[in-house]
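Chemist: Starting off with a structure, shown below.
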Amino acid sequence: MSHSELASIFNKNEKKVDWHDKALWFVRHKRDLSVHEVKGWEALRNLGHGIKAHTLSNLDNYLIEFEANAIKNDIQVHWAADGDEHNRIVHNIIKESNGKKVVKSKSMLTEECHLNPFLEAHGIEVIDTDLGERIVQLAKEKPSHIVLPAIHKNKHEVDKLFQEHLGTKPCDGDPQYLTGEARKHLRQKFIQADVAITGVNFAIANTGGFVVCTNEGNADMGAQLAPVHIACMGVEKIIPKQEHLGVFLRLLARSATGQPITTYSSHFKKPRKGEKMHIVIVDNGRTEQLSRPDFRTSLHCIRCGACMNTCPIYRRSGGHSYDATIPGPIGSILSPGKDLKKYSSLPFASTLCGSCSDVCPVKIDIHSQLYKWRQIITKETPQPFVKAQTMKIMGQMFSKPSQFERVGKAVRWSLRNLPKSVINSKLNTWGKARDLPEGPKQSFDQWYEERKNNQKD
Amino acid sequence: MNSRDQILAKLKTNKPKLIDLPLIETSIFRDEGLDIIKEFIKKVEVVGGNVLEVTSNQDVINKIESTFTNQEVCYSHIKGTQGFNTISLETIQNPHDLENLDVLILESTLGVAENGSVWLSDQEIPVRVLPFITKHLAVVISKKDLVEYMHEAYSRLSGFNYGVFLAGPSKTADIEQSLVIGAQGALSITIFLKQ
Ligand code: SF4
């Protein structure tokens, strides 16, 4: 289904859409307050952009350096060309350690590779330990936001889910009580886990270590208890030096939620005594995206979610309408690189207002890339008949001013005189869920002429 | 070719021409009038922690005992406070045995004013899971060990095997965006500032 079709499903519940819209705008607002406190914020964004651009231009060498240092630190390094290989590697590590129970902290990469269903099919229990992710896991859904996975659910839905799966008491959706119950439930899982899987926010080439950021403490509760820790990362997570963390950790949480830093920024370098640590480095389409000059900066993304919180389309259509692991503006420039046909409607799910590019901490020109994808998609994928024909006619009309004036007159008359049923007919998508304004008597040209003449008098 | 070599070969072909690595000029971020201690206290409170000023390690213990009364399982890793401990780490076989820890006291030698975080590494945490599994966390830090920004913090860090910048108690807003303190990690954090 296209983005607009899926969005119309989300739009059925108007109250929920309003709440979703306001809640995310509130997060965007917190981001603003937080970044305005930082002296030199724009310089910091430029640094974030520059460090990422440099890293991508030397990515092979940084990965080799990272691998060598990680091995020195007693970490085992694995490489996966695609999602399938990633899943097989992870499964093999779990098998070798006779693992049955896995706890996992937030990792969009493992979502992208569909790791959970793969492991479950092999009889392994996988528990997502981020509260939002646990909620969507219990609901058998996907995260709808990369930082706020359950933003599409209200507290009463969570209440019901927890009653059903965790045996909680009805509580009218009390977040304090529900979080407390989830804490008890997850503690049990942490204690029993054989293997902990985490994502990676930054991997540092010159130390061979990596950093994982959470607010809940779930990454460490998993990794510091289980005898095996597997960290999964895309190739683009590398930064050259430890000092660069100073830039990215200042940018990340402020852009994400307005916090000055996440509660936990954990730096893993060597396994603890008796523990085994693995890193899986994954391509899955990233090297291809790197080959596209117009789109390669999309690999700068540090997954803060700011472009989603600010996007007028995302806020009103919900993350699931993008039907992709990474939704929102950044998802709309990443996904077409993976499957142009399947995701051909995503670059059109934008007003091109540019707000995403304004808030992006690593200065990805998201809205220009959306525009560039549109050019490619219109050329390479068949357009709906009505749209293709209208565009053709419009093109001809705009090229001849006299014709434009004549058509304009007819439209203004029609808007004033035709019945609504005709104006808002099926062919006119602008008439969906909104009334068109009454047509003015004059065109702008006429008004301007008249004004000029009046001034002369 | 195995996947490693394949990925590296593709990156080599597909990457753009080498772009220079920008230098981090930390002077552009410096706010000259900043009072580091005041800013640190303010930010600890912003991230949900408490700050108390103390004169000695014994003072820390006294203040904790009056705030957290009747706690069963307690452990302190700061000097001269063994009397506070109800467990001995030597007898702990497995990090899981720390599940019921009520109060933990650690020392940090690096705090960051701009975000209220304290650095805890293997040198300060005898068992890595400690600051996460405890119900209440207390961290003692000297005022002289506070720096302004993350850039200064990283210039001081080297040679650790594991470490965490920890800012405030664990928290979540995953249920309808209502902030709840106490997710999977510590329920509270108190920073004790020493001269
Ligand atoms: S594209 Fe930029 S704003 Fe969007 S998630 Fe990535 S880093 Fe954040």
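The values are calculated or read from the model by the stated rules, or taken from the named source; none is laboratory data. Keep in mind that this is a model prediction, so the values were computed, not measured. Because the Cβ atoms are built from the backbone with ideal geometry, glycine has one as well, and the counts that use them run over all protein chains shown.
Chemist: Would you kindly identify the helices (runs of 4 or more DSSP H) lying entirely within the range B:1-111 that contain at least 1 residues that are surrounded by 15 or more Cβ atoms within 10 Å (Cβ to Cβ) and in contact with a Ser or Thr (Cβ under 6 Å, 6 or more places away or on another chain)? Walk me through it before giving the result.
Modeler: Working: elements: B:3-14, B:36-46, B:57-67.
Counting at least 1 such residues, we get B:3-14, B:57-67.
Chemist: What number of residues within the range A:167-181 satisfy the criterion of being out of contact with any strand residue (DSSP E or B) (no Cβ under 6 Å at 6 or more places or on another chain) and at the interface with chain B (Cβ under 8 Å from one of its Cβ atoms)?
Modeler: 3
Chemist: Given the structure, is A:Glu141 more than 12 Å from chain B (Cβ to nearest Cβ), in a loop (DSSP other than H, G, I, E, B) and either under 26 Å from the mean Cα position of the chain (by Cα) or at pLDDT 95 or above (or both)? Break it down into steps so the answer makes sense when it comes.
Modeler: Details: more than 12 Å from chain B (Cβ to nearest Cβ): yes; in a loop (DSSP other than H, G, I, E, B): yes; either under 26 Å from the mean Cα position of the chain (by Cα) or at pLDDT 95 or above (or both): yes.
In short, yes.
Chemist: If you don't mind, there's one more thing I want to ask. Sort through A:Arg316, A:Arg303 and tell me the only one that's within 14 Å of the ligand (Cβ to nearest atom) and away from every other protein chain (no Cβ under 14 Å).
Modeler: Criteria check complete, one pass: A:Arg303.
Chemist: Still on this structure, please answer the following. Going by the structure shown, is A:His49 facing chain B (nearest Cβ under 9 Å), surrounded by fewer than 23 Cβ atoms within 10 Å (Cβ to Cβ) and part of a helix (DSSP H, G or I)?
Modeler: Judged against the criteria, A:His49 is a match.
Chemist: Residue check: is A:Ser335 of a type in the set (S, T, N, Q), without any contact (Cβ under 8 Å) to a residue 40 or more places away in the chain and within 16 Å of the ligand (Cβ to nearest atom)?
Modeler: yes
Chemist: Working only within the range B:160-172, note down all residues that are closer than 18 Å to B:Glu45 by Cβ and either in a loop (DSSP other than H, G, I, E, B) or modelled with pLDDT under 95 (or both).
Modeler: B:Ala167, B:Gly168, B:Pro169, B:Ser170
Chemist: Which of the residues spanning the range A:101-128 are of a type in the set (A, V, I, L, M, F, W, C) and assigned to a helix (DSSP H, G or I)?
Modeler: Pass one, the range A:101-128, residues of a type in the set (A, V, I, L, M, F, W, C): A:102-103, A:108-109, A:113, A:115, A:118-119, A:121, A:124, A:126-127.
Within the range A:101-128, A:Met108, A:Leu109, A:Leu115, A:Phe118, A:Leu119, A:Ala121 qualify.
Chemist: Search the range A:31-42 for residues being assigned to a helix (DSSP H, G or I) and surrounded by 16 or more Cβ atoms within 10 Å (Cβ to Cβ), and hand back the single one that is farthest from the other protein chains (Cβ to nearest Cβ).
Modeler: A:Arg31
Chemist: Give just the number: which of (1) under 22 Å from A:His267 (Cα atoms); (2) modelled with pLDDT of 95 or more does A:Lys106 not satisfy?
Modeler: (2)
Chemist: Being within 14 Å of chain B (Cβ to nearest Cβ) and within 16 Å of the ligand (Cβ to nearest atom) narrows it down to one of A:Asn309, A:Asn284, so name that one.
Modeler: Step by step, each of A:Asn309, A:Asn284 is checked, and only A:Asn309 is within 14 Å of chain B (Cβ to nearest Cβ) and within 16 Å of the ligand (Cβ to nearest atom).
Chemist: Please determine whether any residue of the range A:179-200 is of a type in the set (Ser, Thr, Tyr), surrounded by fewer than 21 Cβ atoms within 10 Å (Cβ to Cβ) and part of a helix (DSSP H, G or I).
Modeler: First pass over the range A:179-200, keeping only residues of a type in the set (Ser, Thr, Tyr): A:179, A:198.
Going one step further and asking which of them are surrounded by fewer than 21 Cβ atoms within 10 Å (Cβ to Cβ), we end up with none.
The answer is no, given that none of the residues of the range A:179-200 is of a type in the set (Ser, Thr, Tyr), surrounded by fewer than 21 Cβ atoms within 10 Å (Cβ to Cβ) and part of a helix (DSSP H, G or I).
Chemist: Something else about it: Would you check if A:Asn98 is surrounded by fewer than 20 Cβ atoms within 10 Å (Cβ to Cβ), in contact (Cβ under 8 Å) with a residue 24 or more places away in the chain and part of a loop (DSSP other than H, G, I, E, B)?
Modeler: Considered against the rule, which asks whether it is surrounded by fewer than 20 Cβ atoms within 10 Å (Cβ to Cβ), in contact (Cβ under 8 Å) with a residue 24 or more places away in the chain and part of a loop (DSSP other than H, G, I, E, B), A:Asn98 comes out as yes.
Chemist: Return the pairs, sorted by first residue and then second, in which the second residue is β-branched (Val, Ile, Thr) and assigned to a loop (DSSP other than H, G, I, E, B), the first residue lies in the range B:141-159 and is at the interface with chain A (Cβ under 10 Å from one of its Cβ atoms), the beta carbons are less than 7 Å apart, and the residues are 6+ apart or on different chains.
Modeler: Sorted first by the residue in the range B:141-159, then by its partner, the pairs are B:His151/B:Ile24.
Chemist: A further question on this structure: Hey, does the range A:375-396 have a residue that's surrounded by 19 or more Cβ atoms within 10 Å (Cβ to Cβ) and within 16 Å of the ligand (Cβ to nearest atom)?
Modeler: no
Chemist: Name the pairs: first residue in the range B:171-192 and closer than 14 Å to A:Asp174 by Cα, second residue surrounded by fewer than 20 Cβ atoms within 10 Å (Cβ to Cβ), Cβ to Cβ under 7 Å, at least 6 apart or on different chains?
Modeler: Correct list of pairs: B:Ala173/B:Leu179; B:Ile175/A:Lys155; B:Glu176/A:Asn154; B:Glu176/A:Lys155; B:Gln177/A:Ala23; B:Val180/A:Gln176; B:Ile181/B:Gly48; B:Ile181/B:Leu187.
Chemist: Give the residue that is farthest from the ligand (Cβ to nearest atom), with candidates limited to residues of the range A:225-241 that are within 8 Å of another protein chain (Cβ to nearest Cβ) and under 17 Å from A:Ala53 (Cα atoms).
Modeler: A:Pro240
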